[in-house]
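Only one structure is covered here, and it is reproduced in the block below.
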Amino acid sequence: MSTTSGRRGVFITFEGLDGSGKSTQMRLLAERLRSAGYDVFESVEPGGTPIGRQIRRILLHEDNTELAPTAELLLMFAARAQNVDQWILPALGEGKVVLSDRWTDSTMAYQGYGRGLGADPVLDVDRIACRGLVPNLTICIDIDPAVGLARARARATEKQDIEIRLEQEELAFFRRVREGYMQIASEEPRRFRLIDGDRTPELIAEDVWGAVNSALSGLGRSIQA
Ligand code: TMP
(Lines give C-alpha, C1' and ligand atoms only; values in the text may rest on other atoms or scores of the structure.)
Protein backbone atom coordinates (compact mmCIF):
# COMPACT_ATOMS: atom_id res chain seq x y z
CA MET A 1 0.00 0.00 0.00
CA SER A 2 1.33 3.48 -0.86
CA THR A 3 1.87 5.89 1.99
CA THR A 4 1.17 9.60 2.09
CA SER A 5 4.74 10.31 3.21
CA GLY A 6 6.29 9.06 -0.06
CA ARG A 7 4.59 11.75 -2.10
CA ARG A 8 6.54 13.99 -4.47
CA GLY A 9 3.72 15.55 -6.45
CA VAL A 10 1.38 18.43 -5.73
CA PHE A 11 -2.26 17.97 -4.76
CA ILE A 12 -4.74 20.71 -5.71
CA THR A 13 -8.48 20.41 -5.12
CA PHE A 14 -11.49 22.42 -6.35
CA GLU A 15 -14.50 23.15 -4.19
CA GLY A 16 -17.74 25.09 -4.44
CA LEU A 17 -21.50 24.81 -4.43
CA ASP A 18 -23.32 22.97 -7.20
CA GLY A 19 -23.36 25.29 -10.23
CA SER A 20 -20.33 27.31 -9.05
CA GLY A 21 -18.33 26.65 -12.24
CA LYS A 22 -15.52 24.80 -10.40
CA SER A 23 -15.35 21.94 -12.94
CA THR A 24 -14.86 24.41 -15.81
CA GLN A 25 -12.11 26.13 -13.81
CA MET A 26 -10.39 22.84 -13.08
CA ARG A 27 -10.41 21.95 -16.80
CA LEU A 28 -8.96 25.36 -17.72
CA LEU A 29 -6.24 24.99 -15.07
CA ALA A 30 -5.36 21.47 -16.29
CA GLU A 31 -4.92 22.78 -19.85
CA ARG A 32 -2.79 25.67 -18.70
CA LEU A 33 -0.57 23.51 -16.47
CA ARG A 34 -0.06 21.00 -19.28
CA SER A 35 0.95 23.76 -21.71
CA ALA A 36 3.45 24.92 -19.06
CA GLY A 37 5.02 21.45 -19.05
CA TYR A 38 3.47 19.85 -15.96
CA ASP A 39 2.38 16.22 -15.86
CA VAL A 40 -1.25 16.56 -14.69
CA PHE A 41 -3.65 13.90 -13.38
CA GLU A 42 -7.35 14.88 -13.14
CA SER A 43 -9.83 13.24 -10.80
CA VAL A 44 -13.29 13.75 -9.35
CA GLU A 45 -15.10 12.87 -6.10
CA PRO A 46 -17.26 10.96 -5.74
CA GLY A 47 -16.48 8.80 -8.78
CA GLY A 48 -12.79 9.07 -9.63
CA THR A 49 -12.40 5.29 -10.11
CA PRO A 50 -14.61 2.59 -11.69
CA ILE A 51 -15.64 1.43 -8.17
CA GLY A 52 -16.14 5.07 -7.18
CA ARG A 53 -18.48 5.60 -10.15
CA GLN A 54 -20.68 2.77 -8.89
CA ILE A 55 -20.73 4.35 -5.43
CA ARG A 56 -21.48 7.76 -7.00
CA ARG A 57 -24.58 6.30 -8.64
CA ILE A 58 -25.90 5.08 -5.28
CA LEU A 59 -25.12 8.46 -3.69
CA LEU A 60 -26.65 10.70 -6.32
CA HIS A 61 -29.44 8.69 -7.96
CA GLU A 62 -32.70 10.59 -7.61
CA ASP A 63 -34.55 7.47 -6.37
CA ASN A 64 -32.33 6.97 -3.29
CA THR A 65 -34.21 9.45 -1.16
CA GLU A 66 -34.05 7.24 1.96
CA LEU A 67 -30.22 7.29 2.15
CA ALA A 68 -29.33 8.18 5.77
CA PRO A 69 -26.86 11.05 6.44
CA THR A 70 -24.25 8.80 8.09
CA ALA A 71 -24.48 6.24 5.27
CA GLU A 72 -24.06 9.15 2.83
CA LEU A 73 -20.93 10.30 4.68
CA LEU A 74 -19.42 6.80 4.72
CA LEU A 75 -20.13 6.20 1.03
CA MET A 76 -18.47 9.53 0.13
CA PHE A 77 -15.38 8.34 1.99
CA ALA A 78 -15.58 4.81 0.58
CA ALA A 79 -15.33 6.27 -2.93
CA ARG A 80 -12.45 8.52 -1.78
CA ALA A 81 -10.53 5.72 -0.03
CA GLN A 82 -10.61 3.71 -3.27
CA ASN A 83 -9.35 6.74 -5.19
CA VAL A 84 -6.56 7.43 -2.67
CA ASP A 85 -5.18 3.91 -3.08
CA GLN A 86 -5.90 3.30 -6.75
CA TRP A 87 -5.00 6.62 -8.38
CA ILE A 88 -4.16 9.57 -6.15
CA LEU A 89 -1.21 8.29 -4.08
CA PRO A 90 0.41 6.51 -7.06
CA ALA A 91 0.11 9.71 -9.17
CA LEU A 92 1.58 11.84 -6.36
CA GLY A 93 4.35 9.26 -5.94
CA GLU A 94 5.21 9.76 -9.63
CA GLY A 95 5.54 13.50 -9.02
CA LYS A 96 2.37 14.53 -10.90
CA VAL A 97 0.24 17.57 -10.25
CA VAL A 98 -3.01 15.93 -9.14
CA LEU A 99 -6.23 17.94 -9.53
CA SER A 100 -9.45 16.76 -7.91
CA ASP A 101 -12.93 18.14 -8.50
CA ARG A 102 -14.04 17.99 -4.80
CA TRP A 103 -12.40 16.30 -1.80
CA THR A 104 -12.92 16.14 1.99
CA ASP A 105 -13.84 19.83 2.22
CA SER A 106 -17.01 18.88 0.31
CA THR A 107 -17.81 16.27 2.95
CA MET A 108 -17.19 18.82 5.70
CA ALA A 109 -19.42 21.39 3.97
CA TYR A 110 -22.22 19.10 2.69
CA GLN A 111 -22.40 16.37 5.36
CA GLY A 112 -20.80 18.19 8.32
CA TYR A 113 -22.67 21.49 7.84
CA GLY A 114 -25.42 20.82 5.27
CA ARG A 115 -26.67 17.62 6.94
CA GLY A 116 -25.67 18.84 10.41
CA LEU A 117 -23.45 15.84 11.25
CA GLY A 118 -20.75 18.18 12.58
CA ALA A 119 -17.00 18.18 12.03
CA ASP A 120 -15.96 15.22 14.22
CA PRO A 121 -17.28 12.29 12.15
CA VAL A 122 -15.86 13.91 8.99
CA LEU A 123 -12.39 14.29 10.54
CA ASP A 124 -12.52 10.79 12.08
CA VAL A 125 -13.36 9.01 8.84
CA ASP A 126 -10.97 11.20 6.84
CA ARG A 127 -8.14 9.83 9.00
CA ILE A 128 -9.06 6.30 7.96
CA ALA A 129 -9.87 6.97 4.30
CA CYS A 130 -7.18 9.53 3.41
CA ARG A 131 -4.48 8.61 5.95
CA GLY A 132 -3.12 12.11 6.37
CA LEU A 133 -3.40 13.15 2.72
CA VAL A 134 -4.39 16.84 2.71
CA PRO A 135 -4.41 19.04 -0.40
CA ASN A 136 -1.49 21.48 -0.81
CA LEU A 137 -3.99 24.01 -2.15
CA THR A 138 -7.77 24.18 -2.38
CA ILE A 139 -9.54 26.59 -4.70
CA CYS A 140 -13.12 27.31 -3.64
CA ILE A 141 -15.28 29.12 -6.19
CA ASP A 142 -17.72 31.14 -4.12
CA ILE A 143 -21.19 31.96 -5.46
CA ASP A 144 -24.62 32.87 -4.15
CA PRO A 145 -26.35 29.55 -3.33
CA ALA A 146 -29.56 30.59 -5.15
CA VAL A 147 -27.64 31.39 -8.35
CA GLY A 148 -25.66 28.13 -8.19
CA LEU A 149 -28.70 25.99 -7.51
CA ALA A 150 -30.67 27.53 -10.39
CA ARG A 151 -27.74 26.88 -12.73
CA ALA A 152 -27.22 23.33 -11.52
CA ARG A 153 -30.91 22.47 -11.85
CA ALA A 154 -31.17 24.00 -15.34
CA ARG A 155 -28.13 21.98 -16.45
CA ALA A 156 -29.53 18.76 -14.96
CA THR A 157 -32.86 19.25 -16.75
CA GLU A 158 -31.10 19.96 -20.06
CA LYS A 159 -28.95 16.83 -19.74
CA GLN A 160 -31.84 14.75 -18.34
CA ASP A 161 -29.47 13.83 -15.51
CA ILE A 162 -30.70 11.30 -12.93
CA GLU A 163 -27.76 11.87 -10.51
CA ILE A 164 -29.57 14.79 -8.91
CA ARG A 165 -30.48 13.63 -5.40
CA LEU A 166 -28.49 16.43 -3.72
CA GLU A 167 -29.65 19.12 -6.12
CA GLN A 168 -33.18 18.42 -4.93
CA GLU A 169 -32.32 19.74 -1.46
CA GLU A 170 -33.85 23.05 -0.45
CA LEU A 171 -31.96 26.35 -0.65
CA ALA A 172 -31.42 26.42 3.14
CA PHE A 173 -29.28 23.28 2.80
CA PHE A 174 -26.97 25.03 0.32
CA ARG A 175 -26.77 28.09 2.55
CA ARG A 176 -25.47 25.83 5.34
CA VAL A 177 -23.00 24.25 2.91
CA ARG A 178 -21.70 27.71 2.03
CA GLU A 179 -21.33 28.52 5.74
CA GLY A 180 -19.23 25.37 6.04
CA TYR A 181 -16.93 26.55 3.25
CA MET A 182 -16.63 29.99 4.92
CA GLN A 183 -15.67 28.33 8.19
CA ILE A 184 -12.94 26.23 6.53
CA ALA A 185 -11.65 29.39 4.81
CA SER A 186 -11.37 31.18 8.13
CA GLU A 187 -9.62 28.22 9.78
CA GLU A 188 -7.17 27.43 6.97
CA PRO A 189 -6.63 30.63 4.96
CA ARG A 190 -3.30 29.51 3.46
CA ARG A 191 -4.55 26.23 2.01
CA PHE A 192 -8.20 27.11 1.30
CA ARG A 193 -8.59 30.05 -1.11
CA LEU A 194 -12.00 31.60 -1.74
CA ILE A 195 -12.34 33.04 -5.24
CA ASP A 196 -15.28 35.22 -6.25
CA GLY A 197 -17.26 33.15 -8.77
CA ASP A 198 -19.67 35.92 -9.74
CA ARG A 199 -17.51 37.01 -12.71
CA THR A 200 -16.62 35.79 -16.21
CA PRO A 201 -14.83 32.40 -16.40
CA GLU A 202 -11.77 34.21 -17.84
CA LEU A 203 -11.44 36.56 -14.85
CA ILE A 204 -11.95 33.71 -12.39
CA ALA A 205 -9.32 31.64 -14.24
CA GLU A 206 -6.77 34.46 -13.80
CA ASP A 207 -7.27 34.39 -10.02
CA VAL A 208 -7.04 30.60 -9.99
CA TRP A 209 -3.79 30.79 -11.96
CA GLY A 210 -2.38 33.36 -9.53
CA ALA A 211 -3.19 31.20 -6.49
CA VAL A 212 -1.77 28.07 -8.15
CA ASN A 213 1.40 29.88 -9.22
CA SER A 214 2.14 31.14 -5.75
CA ALA A 215 1.44 27.70 -4.22
CA LEU A 216 3.71 26.00 -6.76
CA SER A 217 6.55 28.44 -6.16
CA GLY A 218 6.11 28.00 -2.38
CA LEU A 219 6.58 24.26 -2.95
CA GLY A 220 9.62 24.78 -5.17
CA ARG A 221 7.67 23.64 -8.25
CA SER A 222 7.46 26.91 -10.18
CA ILE A 223 6.19 27.15 -13.73
CA GLN A 224 8.80 25.69 -16.06
CA ALA A 225 7.60 27.24 -19.34
P1 TMP B 1 -20.58 17.25 -8.47
O2 TMP B 1 -21.92 17.67 -8.99
O3 TMP B 1 -19.66 18.36 -8.22
O4 TMP B 1 -19.98 16.13 -9.26
O5 TMP B 1 -20.83 16.66 -6.99
C6 TMP B 1 -21.76 15.72 -6.72
C7 TMP B 1 -22.62 16.08 -5.53
O8 TMP B 1 -22.12 15.40 -4.37
C9 TMP B 1 -22.66 17.55 -5.17
O10 TMP B 1 -24.01 17.88 -4.89
C11 TMP B 1 -21.84 17.63 -3.91
C12 TMP B 1 -22.01 16.28 -3.29
N13 TMP B 1 -20.92 15.83 -2.42
C14 TMP B 1 -21.17 15.68 -1.05
O15 TMP B 1 -22.27 15.91 -0.58
N16 TMP B 1 -20.15 15.25 -0.26
C17 TMP B 1 -18.90 14.94 -0.75
O18 TMP B 1 -18.01 14.55 0.02
C19 TMP B 1 -18.67 15.10 -2.17
C20 TMP B 1 -17.33 14.77 -2.74
C21 TMP B 1 -19.71 15.54 -2.95
Quiz prompt | Extended-chain gain in nm, criterion 0.36 nm per residue less alpha-carbon gap, Arg155 and Glu206 | solution = 15.9 nm
Self-check item: Accessible area of Met108 in the full protein assembly, 1.4 Å probe (Å², nearest 10)
Solution: 30
Quiz item: Using a basic spin-label model with each label point 7 Å from the Cα along Cα→Cβ, how many nm lie between Asp85 and Arg8?
Solution: 2.5
Quiz prompt | Estimated FRET transfer efficiency when R0 is 45 angstrom, pair Met182-Ile51 (beta carbons, to 0.05) | solution = 0.85
Quiz prompt | Net dipole in debye of the stretch 10-218 [+1 Lys, Arg Cβ; -1 Asp, Glu Cβ; about Cα centre; nearest 20] | solution = 320
Self-check item: Where the Cα pairs of the stretch 10-218 fall when distances are cut into 10 Å bins, in %
Solution: 8, 36, 40, 15, 1
Practice problem: Per DSSP H run of n ≥ 4, the term is -39500 (n - 2.57); total these for the chain, divide by its residue number, and report the mean residue ellipticity at 222 nm rounded to 500 deg cm²/dmol. | Solution: -15500 deg cm²/dmol
Quiz item: Carbon and sulfur atoms: what percent of the 1.4 Å accessible area of the chain do they account for?
Solution: 52
Quiz item: Sequence-distant or interchain residues sharing an amide H contact under 5 Å with Glu62, placed H: which?
Solution: Ile164, Arg165
Exercise. Work out how much length Ser214 to Val134 would gain on full extension: take 0.36 nm times their residue separation and subtract the Cα-Cα distance, in nm to one decimal.
Key: 27.0 nm
Quiz prompt | Loop sites in the stretch 1-104: GluC sites (Glu not before Pro), DSSP, at most 15 other Cβ within 10 Å | solution = Glu62, Glu66, Glu94
Exercise. Enter the Cα centre distance for the pair the stretch 78-94 and the stretch 187-225, rounded to the nearest angstrom.
Key: 23
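The values are calculated or read from the model by the stated rules, or taken from the named source; none is laboratory data. The structure presented is a predicted model; accordingly, all values stated were derived computationally and were not measured. Using ideal geometry, Cβ is built from the backbone for each residue, glycine included, and neighbour counts are taken over all protein chains shown. Heavy atoms of the whole protein, side chains included, go into the accessibility calculation; ligands, DNA and RNA do not. Shrake-Rupley method; radii C 1.70, N 1.55, O 1.52, S 1.80 Å.
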